[in-house]
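Q: The structure is given below, and queries will be raised subsequently.
The values are calculated or read from the model by the stated rules, or taken from the named source; none is laboratory data. Note that the structure is a prediction, hence the values are computed from the model and not measured. We place every Cβ from the backbone using ideal geometry, glycine too, and count neighbours over all the protein chains shown. Keep in mind that these areas ignore ligands, DNA and RNA; they rest on the heavy atoms of the full protein, side chains included. Shrake-Rupley method; radii C 1.70, N 1.55, O 1.52, S 1.80 Å.
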Amino acid sequence: MSSSSCLLTEEQLLCGICLAVFTDPVTLPCGHNFCKHCIMQHWDSNVRCECPSCRYPFYKKLDLHVNIFISEMAAYFRESAGRSGSQQQVAEPGEVACDVCTDTKLKAVKSCMVCLASYCETHLEAHRTSPPLKKHQLTDPVENLEGRMCRTHDKPLELFCETDRTCVCMLCPVLDHKSHQVIPLREQFEKEKSELGRKEAELHRLIQDRRLKIDEFRQSLKLSKEAADREMADGVQVFSALIRCLERAQAELIGTIDEKQKAATKLAEGHVRELEEEISELVRRRAEAERLSRSKDHLQFLQSFPSLSVPRFTKDWTDVVVDVPSYEGAANAAVDRLEKTLHKEVKKLLGESKLVRLQRSAAGVTLDPETAHAALVVSDDGKRVHHGVVRKTLADNAERFDPSCCVLGKQSFSSGRFYFQVDVKGRTRWTLGVARESIKRKGAISLSPENGHWTVWLKNEDEYAALVGSPWRLSPDPKPRTVGVFVDYEEGVVSFYDVDAT
């Protein structure tokens, strides 16, 4: 850029060292001009003091003063350039900054592959106006310019050697990579970029897999904690109940022994009081006898003596004893009773605890009227069924049982655990359990695990049995009012419970 009002050309306003517009310009005796900071730094880094342009020697470092005229021209030039380049942006983090700007780093517009520096619009002007600099290769702004140059030939890396899988310059195929397969850098870039897309997709998949695994571990940890909390609560409940049993047994043992001891104490203390009263009376009579023995009065002696000879006490204490209660064996007997109580209590508590755990797997089961025999009446909500008086006329579909009076639930399970309860209170005849979905629906049906049925029944009001080919007699006591059915699909186990008796 040039200005008609400038007395010097733009090329004359550029420092021969930094190639930028003069800052504090000084003039050497040889007539060449440089930034004061640039020339002083040049002399500090060199043994000889000479002009960088003409090599004119100086015997010592000069005491240089700023050339006011050139300084004003440079300031005017910068001001003019600043107005024309006022739209230039300040370099933001991550953007390539101008290497020449000293105070506020402006955004670079070009990088020079010869100077290995990046320039903003203002500092790029020298590469556009100076004939030697016009020959330099300019590229879009890039970082790490040194890394873009061939270390062997000091040329830009513009090719890719497929043989050695490395970036090379224009001279490398001629000198160091003869007979190698070399392609333009952009062509390899397009190949690698398409491959990068696939790698990004694969990395994204791997990240998602690991995030899902983390969620799986966290869910497992959550389930583990919940299970541990439940088991801990059940354990505390069981042991608290057992501790109460122990405390009751201890209190009963202490109470029994204490009652025996108190009874023996009461009996002995009664005998002692009675004997003390007799001793007091005997002491009084002995004193009376002593007094009479010293009497000289014949009449008084004869009148009082009969009262001493009359026996006042008729109780014979010879065979009266206080038996010491036998405490031996009381603790053993208490332990025996406690053992039976604990066994019964543990069985009850464990049953209750297990049933509570099973009930956490409760499934809402509703009956499917499409499978019900025509004589069965299923409630509207699908929760109750009973044998009707009159057989209904229904479509004989493939799912409906006939002639066996059976009905299936709508829900089916192929994994995990599930539990449901059936109210049988007051019923005199029933059959319940679980079955495979593929069981026989038509004709006579023999209920057994081999045929896909796991069931129990009640017949004739008090005949309970598990149907395992032939009825296997059961003797529940008391009679169950609610039957729980639990299925562990993976374990292959079907269990029946008397809910009230746990």
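Q: So what does Phe413 come to for accessible area, using a 1.4 Å probe and Å² rounded to 10?
A: Approximately 80 Å² of Phe413 is accessible to the 1.4 Å probe.
Q: Then there's this: Express the relative contact order of the chain as a whole percentage, based on alpha carbon pairs under 8 Å and six or more residues apart in sequence.
A: Over the chain, the number comes to 6 percent.
Q: Under the classification rounded if a/c is under 1.5, otherwise prolate if a/b is larger than b/c and oblate if not, where does the chain fall, given a ≥ b ≥ c as square roots of the Cα gyration tensor eigenvalues?
A: On the way: a/c = 5.52, a/b = 2.04, b/c = 2.71.
The shape class here is oblate.
Q: List the aspartates and glutamates whose alpha-carbon lies under 19 Å from that of Lys178, not counting same-chain residues fewer than 8 positions away?
A: The reachable aspartates and glutamates, counting only those whose Cα sits under 19 Å from Lys178, are Asp154, Glu158, Glu162, Asp164.
Q: Using just the helices of the chain, give the 222 nm mean residue ellipticity in deg cm²/dmol: DSSP H runs with n ≥ 4 each add -39,500 (n - 2.57), and the total is spread over all residues, rounded to 500.
A: Working: 8 runs with 190 residues, N = 502.
For the chain, the value works out to -13500 deg cm²/dmol.
Q: OK, next. Show which lysines lie in cross-link reach of Lys459 when reach means a straight Cα distance below 21 angstrom and same-chain residues fewer than eight apart are skipped.
A: The reachable lysines, counting only those whose Cα sits under 21 Å from Lys459, are Lys425, Lys479.
Q: Extending each Cα 7 Å along its Cβ direction at Phe301 and Gln181, get the distance between those two points in nm, one decimal.
A: Once both label points are built, they end up 16.1 nm from each other.
Q: Contour minus end-to-end for Asp164 and Asp215, with contour as 0.36 nm per residue of separation and end-to-end as the Cα-Cα distance? List each step's numbers first, then the result.
A: Details: separation 51, 0.36 × 51 = 18.36 nm, distance 4.37 nm.
Going from the current span to full extension adds 14.0 nm.
Q: Starting from the residue with the highest accessible area, list Ile257, Ile70 in decreasing order, probe 1.4 Å. Mind dumping the intermediate values first?
A: Working: Ile257 55, Ile70 15 Å².
Result of the area sort, largest leading: Ile257, Ile70.
Q: Tell me, what HN-Hα J-couplings in whole Hz come from the Karplus equation 6.51 cos²θ - 1.76 cosθ + 1.60 at θ = phi - 60° for each residue of the stretch 34-50, using x for Gly and Pro?
A: Coupling constants for the stretch 34-50: 8, 5, 4, 5, 5, 5, 5, 5, 5, 5, 5, 9, 10, 6, 8, 8, 8 Hz.
Q: Right, something else. Holding the Cα-Cα limit at 24 Å, pick out from Lys392/Lys442; Lys110/Lys155; Lys36/Lys60; Lys392/Lys440; Lys222/Lys383; Lys260/Lys348 the pairs that are longer than that.
A: Details: Lys392/Lys442 17 Å; Lys110/Lys155 18 Å; Lys36/Lys60 16 Å; Lys392/Lys440 21 Å; Lys222/Lys383 34 Å; Lys260/Lys348 33 Å.
Exceeds cut-off: Lys222/Lys383; Lys260/Lys348.
Q: Measuring from label point to label point, each 7 Å out along Cα→Cβ, what is the Val47 to Asp316 span in nm?
A: 14.9
Q: Relative contact order of the stretch 415-466: what whole-number percent is it, with Cα pairs under 8 angstrom and at least 6 residues apart? Don't jump to the answer; show the numbers that get you there.
A: Numbers: 53 pairs, mean separation 19.0, N = 52.
37 percent.
Q: Indicate the gyration tensor shape class of the stretch 31-165 (rounded, prolate or oblate), computed on the Cα atoms with a ≥ b ≥ c the square roots of the eigenvalues: a/c under 1.5 is rounded; otherwise a/b larger than b/c is prolate and the rest oblate. It would help to have the intermediate numbers written out before the result.
A: Working: a/c = 2.39, a/b = 1.35, b/c = 1.77.
Verdict is oblate for the stretch 31-165.
Q: Something else now. Considering amide H positions built from the backbone, and no H for Pro or chain starts, which residues 5 or more places from Gly409, or on another chain, come under 5 Å of its amide H?
A: Asp368
Q: How many percent of the accessible area of the stretch 185-274 is carbon or sulfur, using a 1.4 Å probe? If you can, show how the numbers build up before the last one.
A: Values: 4440 of 7330 Å².
Summing carbon and sulfur atoms, their accessible area is 61 percent of the total for the stretch 185-274.
Q: On to the next question. Taking the 0 to 90 degree range and rounding to the nearest ten, how far is the long axis of helix 68-84 tilted relative to the main principal axis of the chain, both from C-alpha atoms?
A: 60
Q: By how many nm would the segment from Thr139 to Val493 lengthen if fully extended, with 0.36 nm per residue of separation less the alpha-carbon distance? Could the numbers behind the result be given before it?
A: Details: separation 354, 0.36 × 354 = 127.44 nm, distance 7.63 nm.
Here the answer is 119.8 nm.
Q: Let me ask something else. Could you do me a favour and compute the accessible area per residue for the chain, 1.4 Å probe, result in Å²?
A: On the way: 34360 Å² over 502 residues.
That works out to 68 Å² per residue.
Q: For the stretch 329-455, what % of the accessible area comes from carbon and sulfur atoms, probe 1.4 Å? Don't skip to the end; give the middle numbers.
A: Details: 4280 of 8200 Å².
Roughly 52 percent of what the probe reaches on the stretch 329-455 is carbon or sulfur.
Q: Sticking with this one: Roughly how many percent of the accessible protein surface of the stretch 33-130 is carbon and sulfur, given a 1.4 Å probe and a whole-percent answer? Can you show the working numbers first?
A: On the way: 3050 of 5880 Å².
Heavy-atom surface of the stretch 33-130 belonging to carbon and sulfur, 1.4 Å probe: 52 percent.
Q: Assign unit charges at the C-beta atoms only (+1 for Lys and Arg, -1 for Asp and Glu), then state the dipole size of the chain relative to its Cα centre in Debye, rounded to the nearest 20.
A: Details: 71 positive and 75 negative charges, 152 e Å.
Charge dipole, the chain, about its Cα centre: 740 debye, nearest 20.
Q: Multiply the residue separation of Ser438 and Arg151 by 0.36 nm, subtract the distance between their alpha-carbon atoms, and state the gained length in nm to one decimal. Mind showing how you got there, number by number?
A: Working: separation 287, 0.36 × 287 = 103.32 nm, distance 7.82 nm.
The Ser438-Arg151 span can extend by a further 95.5 nm.
Q: Considering only DSSP beta bridges whose two residues both sit in the stretch 368-472, what percent are antiparallel, to the nearest 5? It would help to have the intermediate numbers written out before the result.
A: Details: 17 of 19 bridges.
So the antiparallel bridges in the stretch 368-472 amount to around 90 percent.
Q: Sum up the charges of everything whose Cβ sits under 9 Å from the Cβ of Glu399, counting Lys and Arg as +1 and Asp and Glu as -1, but leave Glu399 out. Walk me through the intermediate numbers first.
A: Numbers: positive: Arg400, Arg441; negative: Asp368, Glu370.
Once positives and negatives cancel, what remains is 0.
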